[in-house]
1. Determine whether Pro154 is open to solvent by 30 Å² or more (accessible area, probe 1.4 Å) and not in a helix (DSSP H, G or I).
2. Can you work out which of the residues in the stretch 19-66 that are among the hydroxyl-bearing types (Ser, Thr, Tyr) and closer than 30 Å to Asp145 by Cα is modelled with the highest pLDDT?
3. Any idea which residue in the stretch 115-134 is surrounded by the most Cβ atoms within 10 Å (Cβ to Cβ), counting only those that are touching a Phe, Trp or Tyr at 6+ places or on another chain (Cβ under 8 Å) and over 23 Å from Lys42 (Cβ atoms)?
4. Out of the stretch 16-75, which residues are in contact with a Ser or Thr (Cβ under 7 Å, 6 or more places away or on another chain) and not in a loop (DSSP other than H, G, I, E, B)?
5. Would you call Ile134 aliphatic (A, V, I, L, M) and either closer than 14 Å to His63 by Cα or part of a helix (DSSP H, G or I) (or both)?
6. In the set Asp142, Asp159, which member is out of contact with any strand residue (DSSP E or B) (no Cβ under 8 Å at 6 or more places or on another chain), within 24 Å of Lys18 (Cβ to Cβ) and surrounded by fewer than 23 Cβ atoms within 10 Å (Cβ to Cβ)?
7. So if I check each of Arg80, Arg112, Arg98, which one is in a loop (DSSP other than H, G, I, E, B), open to solvent by 50 Å² or more (accessible area, probe 1.4 Å) and out of contact with any strand residue (DSSP E or B) (no Cβ under 8 Å at 6 or more places or on another chain)?
8. Does any residue of the stretch 210-218 turn out to be open to solvent by 40 Å² or more (accessible area, probe 1.4 Å), part of a helix (DSSP H, G or I), over 22 Å from Lys116 (Cα atoms) and in contact with a Lys or Arg (Cβ under 8 Å, 6 or more places away or on another chain)?
Amino acid sequence: MSTSHPNEAILSPSRSLKGALLIDLDGTVMNSDPYHFEAFQKTCDKYGAKIDEEIFRTRISGHTNEEICAELFPHIDKSRHAEIADEKEALFRELLERGAEPIAGLPELLSRARAKNWGLALVTNAPIANQQAILAGVGLSDAFDILISADELPRGKPDPLPYRTAMERLGVAPENSVAFEDAIPGLTAAVRAGVPTIGLRTSLAEETLLQAGAALAIRDYHDPRLRPFLLSHIEG
C-alpha cells in the first residue's frame, strides 16, 4: 500500500475487480471514540470550550475538523482553527500509543475480500497522519488498496465526493460496492453516493443507523448476516 497520497491507487492496470468494500476509519476500523473524546476534552479545557458525550456523539463525531472547530471554537478567530485542530489530533495520536485493536472480525473480512478480488478502500474525514497511526496501531497498514481522505478533497463527508472518488479510483460501480460507517455524516455520504451501507453499532443505536440509511446494522464483523449481504450485493 502506498501512503504517500491517499488518492493514489496501487492497483495493477490489468486487475479487474468484482466489487469493493469502502470502509470508514474511526469507529469502523477501531473504536477510537474514547481517544478522540479525551483529546477533545483536553483541547476544549485549554481553549475555553465545553464538550460532553452528547455533544461529541451528535455534533462532532464524523465531521471534518473545519466543521468541528466552527462548532466548538466560534469565540476564537477562524485563522487559528487549523492550528487548534492539529494540536487536538497530535493529542489523539499520543493517546493511541496506549494500544489499539481493530473491530472484531475486520482482519478476517479484509483477507476474504482480497481472496475474492474485491477492492478495499479506506474512506474517511480523518487527517492522513491519523489514518497511518490507526492502521499501524491495529496492524492493517498494508490492508487497503487506496486511502481517501477529506484532507485531499474539496469536500468531505457528508458530501458523497469521498465515496465517489474511491469508486472512481478502484474502477467499481456503486451497485457492486458496500460501505461501512458508524456516524451520520458518513452514512449520509455513502447513501448519497448510491452505495449500500452497513452501520457499525460502535456509538449509535441500531435504530438510529437504520433511520440514517443503513441497510444493516451490526455490532462487529463477525455478524452472521454480513457474509450473505456482501455476496448478494457485490457478486449477486
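The values are calculated or read from the model by the stated rules, or taken from the named source; none is laboratory data. Note that the structure is a prediction, hence the values are computed from the model and not measured. Methodologically, a virtual Cβ is constructed for each residue, glycine included, from the backbone with ideal geometry; neighbour enumeration extends over all protein chains shown. We work out accessible area using only protein heavy atoms, side chains counted, and drop any ligands, DNA or RNA first. Shrake-Rupley method; radii C 1.70, N 1.55, O 1.52, S 1.80 Å.
1. yes
2. Checked the stretch 19-66; the qualifying residue modelled with the highest pLDDT is Thr28.
3. That would be Val123.
4. Gly19, Ala20, Leu22, Asp26, Asp33, Arg57
5. yes
6. Asp142
7. That would be Arg98, the only listed residue that is in a loop (DSSP other than H, G, I, E, B), open to solvent by 50 Å² or more (accessible area, probe 1.4 Å) and out of contact with any strand residue (DSSP E or B) (no Cβ under 8 Å at 6 or more places or on another chain).
8. No.
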